[in-house]
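The values are calculated or read from the model by the stated rules, or taken from the named source; none is laboratory data. Everything numeric in this text was worked out from a predicted model, so none of it was measured. Counting neighbours? That spans all protein chains shown, and the Cβs are built from the backbone with ideal geometry, glycine included. Keep in mind that these areas ignore ligands, DNA and RNA; they rest on the heavy atoms of the full protein, side chains included. Shrake-Rupley method; radii C 1.70, N 1.55, O 1.52, S 1.80 Å.
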Amino acid sequence: MTTVDKSKVPWWVSNLIVPLVNLILALFVSGLFIFIAGENPYEAVRLIIYGSFGYIEGFAYTLYYTTNFIFTGLAFAVAFHCRLFNIGGEGQAYIGGLGVFLVAINFSFLPVPIVWLLAVAGAVVFGATWAFIPAYLQATRGSHVVITTIMFNFIAASLMVFLLVDVIRDTTQMGPHTIALPEEQWFPSFEDFAALLGIKIRYSPLNISFLLAIAASVFVWFLVWKTRWGYEMRAVGHNTQAAIYAGISPYKNIIIAMCISGGLAGLLGVNEILGVHHKIVAGFPAGYGFTGIAVALMGRNHPIGIFPAAFLFGILYQGGSEVTFDMPNITRYMFVAVQGVIILFSGALENLFRPQIENFFVNRLNLKAKA
Amino acid sequence: MVSPILELTNINKSFGHVHANKNINLTINKGTIHGIIGENGAGKSTLMSIVFGLYQANSGTIKVNGNEINLRSPKDSIINGIGMVHQHFMLVENFTVLENIILGFEGELVFGKNLEKAKKDLKNLCDTYKLNIDLNSTISDLSVGFRQRVEILKSLYRGAEILILDEPTGVLTPQEVDELFKILRSLKEEGKTIVLITHKLIEIMDLTSEVSVMRQGEMVGHTKTENTNKEQLAEMMVGRSVLLRLDKSEVKTGDVIFKVENLTVKDDLDVTRVKKVNLEIRSGEILGLAGVTGNGQTELLEALSGIRKVESGEIYLEGKKVSDNQNFLDPRELKEKGLAHVPEDRQRMGLVTDFKAYENLIFGYHDQQPFSKSSILNHRDIISHSKKIMEEYDVRPQSPNLITSNFSGGNQQKIILSRELNEKPKVLLVGQPTRGVDIGAIEFIHQRLIDMRDKGAAILLVSVELDEVLSLSDRIVVMFDGKIVGEKENKNVTDRELGLLMAGVV
């Protein structure tokens, strides 16, 4: 085995070059898939890039997906720093959306900016509440959060279907969704801003929630690395025994970490309800909660890594739909496979080429130093 | 005539920039017990891992019985008759002794003939070397001493002629050590060669016929054991003469500031581990608590520091009751009241090894000013504080941003000690302060503890190293089976007396 002196490896090699090589490899393997499916991989790449960057609406779609992945990625990352595998982002986002809607519809007599603040708070509180129950069971009874959170995804889905069919359904319509929120409460969208500048563009779901996602990233960074809470959460995550020794309560921190995680997942509801649908539609979390796990792992659970990872998945979602539209042999599931390959290479096989690449650069730097 | 069975020539091994073995030459003669001694981090274990095929040397040659061999994996070593008993046993807990030994050497799909033959061979080996092992007992039912014997038996069964033992006595009771030494001697009589890696001088003097000393990755001396003595070996190990006995001033004790009455504590499995213990510690004294590992010391320390619940009895700090069955202070509240705790197991409890050094230097005090204000960590103050105390306690390297697991054992211990002593505690609970710490650091740590005592702290020292208890304590209590079985002033007590108490004989 080759051992590399870690301290001599430049940061940009481990944090930029290695992920980039993994990504290129993943794309190469994905290209093979597309080739086997009978389409031209170069053309597919061109379509992905065109679809996600090539025109303004496409790029807006990319950023819209990125927004959702940032929320769910951050949610997973926060819990993970306390070594809790919160795979319940999907359900927490769903219930978070309920919070957004209930707050917005019931406080519609208040000024709109205040309703927005309350709705964001509602998303956080509802998402956190949904995470609290598994957290409590984990902290007091040792019921593993992986099991309980995934069960809570199903419970959330069933509960929401029940509510959307029997309780809060828009009775004038056939589908399982609520009535729309008053139009003044809708989040300003990207095309509204463009219109202000006198540029007319077509519809895209991108809205000011994107800024909320950036703010949430800063919040998570500050929380985890700059506050006593983050410090204690990490201590519990890395070494529970030591935490107890230092007087840090694992019980309290498990619950705090899970609730913050659930709250962040709930923010996805803000994007979807206030920004896009303006009502609750059945199944709106659409798997973002699960993809967020991959985003967080790829981004090494750090906001600075989560942002590009979320953006990459945004490109794949948006570019992928462009490809499936233009290439009849490529189905939507093909792109699920592509995502899988990327997760495989940048997550599971992350260390496949790391030693060789790091060695290469260390040797080169040594040569330079000698010369 | 003695003939070399194992010859190492110019062995070099580096891990990154750490040169763990530098041009090592070593000759081990057939049928001897050869000691390899050195501080922690001197490169002993690395060298033996190379011989056992776990690591590959960067350069150098290895000869067994005069033939140069190429060791790429432990399998190659086993073929060449080299066996190793590791510090941490490599046994499957829920398998029987027999199943563990034949693991990987089953030789047949459905157990039958080979198994019967293995049983017979193993019985013969057990008889020859008086190992006294029941092949059908499950590993989890066996004591540490017996598990070690299983490891020895495993190596012998696989045809080991050279048996390497890495710090074999670290986990054993004195009685088990005696048994082990008997076995090792009988192995030697049957013509096996034994390599004993240790940092305990007394074992070298007792057991070996030849000894090699390592220091900082180099072989600094070979000698016949009969031509040397403990002091000389210690000097070779650290490269200067060490004080094995500490200079310490007469004790000037003050009031009783820490008192334990009728304390009973249960462990996680609901077994009573501490039984009606009474203790009193005065300011300015070190109370040594001696005892073989597992006699309730761990649970006692955990209860006193607020980690474990008190079953019955009371704990008093400066005359005020701090803990009983109903009300108890948590570790942080006790810290605020001036009780510091250096836990027995630094990696499991004292440190978060994945944290950076500065994060560990405030661990447990992180919510206090100036480290944090309204829940926000004050990075600048933490770093400057860390730099200061790392210098004061000679933690090397002095980099607060380094991940803690990259520090050596001794320096990790200094990180904990500096953190706990820096708060000038009134009561200090110390568990195994020098376990796995090299001699230079041991001296430093002992001196710091004495300084604390002289400044008026009440110190409870829990250690399984009898030498340590004897050299530091003013008063010694012995714990056996959860009870205090004896108390002695540390003036005319002998280690023999204490040994008998520790064994529960008296």
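For chain B, which DSSP H helices look membrane-span-like by this rule: Cα extent along the axis of 15 Å or more and mean Kyte-Doolittle of at least -1.0? Let's see the in-between values first.
Numbers: long enough: B:113-128 (23 Å, -1.38); B:144-157 (20 Å, 0.06); B:174-189 (23 Å, -0.58); B:379-392 (20 Å, -1.10); B:409-421 (18 Å, -0.57); B:439-454 (22 Å, 0.11).
Span-like helices here: B:144-157, B:174-189, B:409-421, B:439-454.
Taking H placed 1.01 Å from N in the peptide plane, check which residues at least 5 places from A:Ser143 or on another chain put their amide H under 5 Å from its amide H.
Counting only residues 5 or more places away or on other chains, the set is A:Gln138.
Could you work out, residue by residue across B:352-361, how many beta carbons of other chains sit within 10 Å of that residue's beta carbon, and then give the average as an integer?
3
Label 7 Å along Cα→Cβ of B:Asn132; region B:78-96 residues with amide nitrogen under 16 Å?
none
Got a number for the accessible area of A:Ser321? Probe 1.4 Å, square angstrom, nearest 10.
That residue has around 50 Å² of solvent-accessible surface.
Beta carbons within 10 angstrom, averaged per residue: use that to sort the peptides A:25-33, B:30-38, highest first.
Working: A:25-33: 16.8, B:30-38: 23.0.
Per-residue mean Cβ counts within 10 Å order the peptides as B:30-38, A:25-33.
For region B:38-144, run through the trypsin sites (Lys or Arg not before Pro) and keep only the ones in DSSP coil with at most 14 other Cβ atoms within 10 Å of their Cβ. Don't jump to the answer; show the numbers that get you there.
Details: sites: B:Lys44, B:Lys63, B:Arg72, B:Lys75, B:Lys113, B:Lys117, B:Lys119, B:Lys120, B:Lys123, B:Lys130; in loops: B:Arg72, B:Lys130.
When the trypsin sites (Lys or Arg not before Pro) of region B:38-144 are filtered for loop state and at most 14 Cβ neighbours within 10 Å, B:Arg72, B:Lys130 remain.
Be a star and scan region B:193-223 for residues whose amide nitrogen sits under 12 Å from the point 7 Å along the Cα-to-Cβ vector of B:Arg185.
B:206-208
Between A:Ala282 and A:Ser143, with labels modelled 7 Å along Cα→Cβ, what's the label distance in nm to one decimal, could you check?
In this crude spin-label approximation the distance works out to 2.7 nm.
So which of B:Lys275/B:Lys321; B:Lys356/B:Lys387; B:Lys426/B:Lys483; B:Lys275/B:Lys337 end up more than 22 Å apart by C-alpha?
Details: B:Lys275/B:Lys321 19 Å; B:Lys356/B:Lys387 13 Å; B:Lys426/B:Lys483 25 Å; B:Lys275/B:Lys337 26 Å.
Flagged as over cut-off: B:Lys426/B:Lys483; B:Lys275/B:Lys337.
Mind jotting down the distance between the C-alpha centroids of region B:304-381 and region A:267-303, whole Å?
Distance between centres, Cα-based: 40 Å.
Treat each spin label as a single point 7 Å out from the Cα along the C-beta direction, and report the B:Lys230 to B:Asn94 distance in nm.
4.5 nm
Hey, what do the phi angles of region B:220-225 turn into as Karplus ³J(HN,Hα) couplings, whole Hz, using 6.51/-1.76/1.60 and θ = phi - 60°, x for Gly and Pro?
My calculation for region B:220-225 gives 9, x, 10, 7, 6, 4 Hz in order.
Only loop residues by DSSP count here, and only those with at most 11 other Cβ atoms within 10 Å; note down the chymotrypsin sites (Phe, Trp or Tyr not before Pro) in region A:77-183 that meet that.
On the way: sites: A:Phe80, A:Phe85, A:Tyr94, A:Phe101, A:Phe107, A:Phe109, A:Trp116, A:Phe126, A:Trp130, A:Phe132, A:Tyr136, A:Phe152, A:Phe154, A:Phe162; in loops: A:Phe85, A:Phe107, A:Phe109.
Those that pass, being in a loop and sparsely packed, are A:Phe109.
Once amide H atoms are placed 1.01 Å from N in the peptide plane, what residues at a sequence separation of 5 or more from B:Ala20, or on another chain, have their amide H within under 5 Å of its amide H?
B:Lys13, B:Ser14, B:Phe15
By per-residue mean of other Cβ atoms within 10 Å, what is the highest-first order of B:488-499, A:13-24?
Numbers: B:488-499: 13.7, A:13-24: 16.7.
Per-residue Cβ counts within 10 Å, averaged per peptide and sorted highest first, yield A:13-24, B:488-499.
For A:236-242, what's the mean count of beta carbons from other chains sitting within 10 Å of each residue's beta carbon? Present the calculation step by step, with values, prior to reporting the outcome.
Values: counts 1, 2, 6, 10, 3, 8, 14.
For peptide A:236-242, the averaged partner shielding equals 6.
Which order do you get for A:Asp192, B:Asp367, A:Asp166 if you rank them by accessible area with a 1.4 Å probe, largest at the top? Intermediate results must be reported in sequence, preceding the final value.
Numbers: A:Asp192 80, B:Asp367 40, A:Asp166 105 Å².
Largest accessible area first, the list is A:Asp166, A:Asp192, B:Asp367.
Could you pull out which residues in region B:437-462 have an amide N less than 20 Å from a spot 7 Å beyond the Cα of B:Thr223, following the Cα-Cβ vector?
B:439-440
Ignoring ligands, DNA and RNA, how do A:Lys370, A:Lys200, B:Lys414 rank by accessible area with a 1.4 Å probe, largest first? Don't skip to the answer; put the middle values down first.
Working: A:Lys370 170, A:Lys200 190, B:Lys414 15 Å².
Result of the area sort, largest leading: A:Lys200, A:Lys370, B:Lys414.
If Lys and Arg each add +1 and Asp and Glu each add -1, what is the summed charge of the other residues whose beta carbon sits under 14 Å from the beta carbon of B:Asn124? Don't jump to the answer; show the numbers that get you there.
Values: positive: B:Lys117, B:Lys119, B:Lys120, B:Lys123, B:Lys130; negative: B:Glu116, B:Asp121, B:Asp127, B:Glu190.
Result for the local shell: +1.
Whole Å is fine, so just give me how far the alpha carbon centre of region B:163-196 lies from that of region B:7-85.
19 Å
What relative contact order, as a whole-number percentage, does chain B give when Cα pairs under 8 Å and 6 or more residues apart are counted? Kindly include the intermediate steps, with their values, before the conclusion.
Values: 987 pairs, mean separation 72.5, N = 506.
14 percent.
Region A:81-108 to region B:247-297: how many Å between their Cα centroids?
Using only Cα atoms, the two centres lie 51 Å from each other.
Over chain A, what is the relative contact order in percent, taking alpha-carbon pairs closer than 8 angstrom and at least six residues apart? Before the final figure, lay out each step's value.
Values: 613 pairs, mean separation 129.0, N = 371.
Relative contact order of chain A: 35 percent.
What does the average come to when, for each residue of peptide B:371-384, you count the partner chain Cβ atoms lying within 10 Å of its Cβ? Before the final figure, lay out each step's value.
Details: counts 2, 5, 1, 2, 8, 5, 7, 1, 2, 0, 0, 0, 0, 0.
Partner-chain Cβ atoms within 10 Å, mean over residues of B:371-384: 2.
Using only protein heavy atoms and a 1.4 Å probe, report how much of B:Thr138 is accessible, in Å² to the nearest 10.
Roll a 1.4 Å probe over it and B:Thr138 shows about 40 Å².
Over region B:256-502, calculate the relative contact order: mean separation of alpha carbon pairs under 8 Å at least 6 apart, over the residue count, as a percent.
On the way: 492 pairs, mean separation 69.5, N = 247.
About 28 percent, as a whole number.
Applying the Karplus parametrisation 6.51 cos²θ - 1.76 cosθ + 1.60 with θ = phi - 60° to the phi angles of region A:253-269, what ³J(HN,Hα) value in whole Hz is obtained for each residue in order, glycine and proline being reported as x?
6, 4, 5, 4, 4, 5, 5, 5, 4, x, x, 5, 4, x, 4, 4, x
I need the calculated FRET efficiency for the pair B:Lys113 and B:Ser209, taking r as the beta carbon distance and R₀ as 60 Å, to the nearest 0.05.
On the way: r = 41 Å, r/R0 = 0.69.
Efficiency at R0 = 60 Å is approximately 0.90.
Please list, in chain and number order, the residues 5+ apart from A:Asn207 or on another chain whose amide H is under 5 Å from its amide H, with Hs placed from the backbone.
The answer is A:Phe190.
Set the Förster distance to 60 Å, then compute FRET efficiency between B:Ser14 and A:Ser108 from the Cβ-Cβ distance, nearest 0.05.
Values: r = 70 Å, r/R0 = 1.17.
Rounded to the nearest 0.05, the efficiency is 0.30.
Keeping all protein chains in the complex and leaving out DNA, RNA and ligands, what accessible area do you get for B:Lys483 with a 1.4 Å probe, in Å² to the nearest 10?
90 Å²
Across region A:104-117, in residue order, what do the Karplus-derived ³J(HN,Hα) couplings come to in whole Hz, using 6.51 cos²θ - 1.76 cosθ + 1.60 with θ = phi - 60° and x for Gly and Pro?
4, 6, 7, 10, 5, 6, 7, x, 4, x, 5, 4, 4, 4
May I ask you to derive the FRET efficiency for B:Gln369 and B:Glu314 from their Cβ-Cβ distance with R0 = 30 Å, giving the value to the nearest 0.05? Spell out each step's value before the answer.
Details: r = 32 Å, r/R0 = 1.06.
For B:Gln369 and B:Glu314, the calculated efficiency is 0.40.
How much length, in nm to one decimal, is gained on full extension between A:Trp221 and A:Tyr50, taken as 0.36 nm per residue of separation minus their Cα-Cα distance? Walk me through the numbers on the way to the answer.
Numbers: separation 171, 0.36 × 171 = 61.56 nm, distance 3.26 nm.
Extra length available between A:Trp221 and A:Tyr50 comes to 58.3 nm.
Rounded if a/c is under 1.5, else prolate if a/b beats b/c, else oblate: with a ≥ b ≥ c from the C-alpha gyration tensor eigenvalues square-rooted, which is region B:332-465?
Values: a/c = 1.68, a/b = 1.21, b/c = 1.39.
Oblate, since a/c reaches 1.5 and b/c is not below a/b.
If you filter region B:140-219 for GluC sites (Glu not before Pro), then keep DSSP loop positions with at most 15 other Cβ within 10 Å, what is left?
Values: sites: B:Glu151, B:Glu161, B:Glu176, B:Glu179, B:Glu189, B:Glu190, B:Glu203, B:Glu210, B:Glu218; in loops: B:Glu161, B:Glu190.
In loop regions of region B:140-219 (DSSP not H, G, I, E or B), the sparsely surrounded GluC sites (Glu not before Pro) are B:Glu190.
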